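Structure first, then comments.
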Amino acid sequence: MHYSTLLSFGYYDIINSALVVFFVIATYKDVRHREIPIILCGIITAISFALHMVFKTGHIEFIIAAAGLAIIYFIQCVLSTGGGGDVIMMTMLGFCIGITGSLVTIICSGVYTFVYMMCVRIKTKSVCNVEYPMAPFVFSGFMTYMVLGYTGILSYVFQLVYNIL
């Protein structure tokens with residue numbers, strides 16, 4: 001195997017790798033201390049911005065995704081449980097992976113949250129008004145997006161839905 005194939009990362013791979021490291025740290029801190037590492041959000045957003053500028057990608061998609069997620073999660077933060085760290089984390093995610101990745105991540109993390117809540121409800125046989133940390137579910141949704149994206153399943157599903165509509 002030639003060394004250049006081992007080092008042929010695209011800039012999306014750099015962003016996704018940084019997000020995986022972030023979510024490992026954020027999951028630990030969110031579960032243990034109920035906080036999101038906001039400084040890491042800023043660093044990863046700056047790295048993502050620099051890479052988007054250098055490689056001249058469609059900036060507007062990432063800005064729209066970040067703004068949309070910021071608005072949605074700010075409203076959620078005001079109306080129900082959640083904190084500012086969750087808003088900042090989701091805004092960073094939207095800016096880093098764009099609209100499609102954000103939608104897939106949100107849908108998958110919502111499904112995982114629902115399944116977990118149902119399992120807790122069945123186990124305890126009562127309705128619990130407990131706040132759940134957001135980072136582990138977003139991390140699992142993001143990893144699902146990465147697996148589906150890197151294996152090509154995601155593009156197949158989108159093509160199938162496009163053909164049906």
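Every number here is computed from the coordinates shown, using simple stated rules; none is lab data. Being a predicted model, the structure only gives us computed values, none of them experimental. Glycine also receives a Cβ, built like all others from the backbone with ideal geometry; neighbour counts cover every protein chain displayed.
Observations, loosely collected:
- Taking other Cβ atoms within 10 Å as a rough exposure proxy, Lys123, Lys29 sort from fewest to most as Lys123, Lys29.
- Helix axis angle, 84-124 relative to the chain longest principal axis, alpha carbon, degrees: 40
- Cβ-placed point charges (K, R +1; D, E -1), dipole of the chain about Cα centre in debye, nearest 20: 380
- Relative contact order of segment 62-165, taken over Cα pairs closer than 8 Å and 6 or more residues apart, is 26 percent.
- Counting neighbouring Cβ atoms within 10 Å and putting the fewest first, the residues Thr151, Thr105, Thr91, Thr45 line up as Thr151, Thr45, Thr91, Thr105.
- With Cα atoms, 0 to 90° folded angle of helix 135-151 axis to the chain main axis: 40
- If the chain linking Val157 and Phe74 were pulled fully straight, counting 0.36 nm for each residue of separation and taking away their Cα-Cα distance, it would gain 26.8 nm.
- Ranked Glu131, Glu35, criterion: other C-beta atoms within 10 Å, fewest first: Glu131, Glu35
- Helix 11-33 axis versus longest C-alpha principal axis of the chain: approximately 20°, rounded to the nearest ten.
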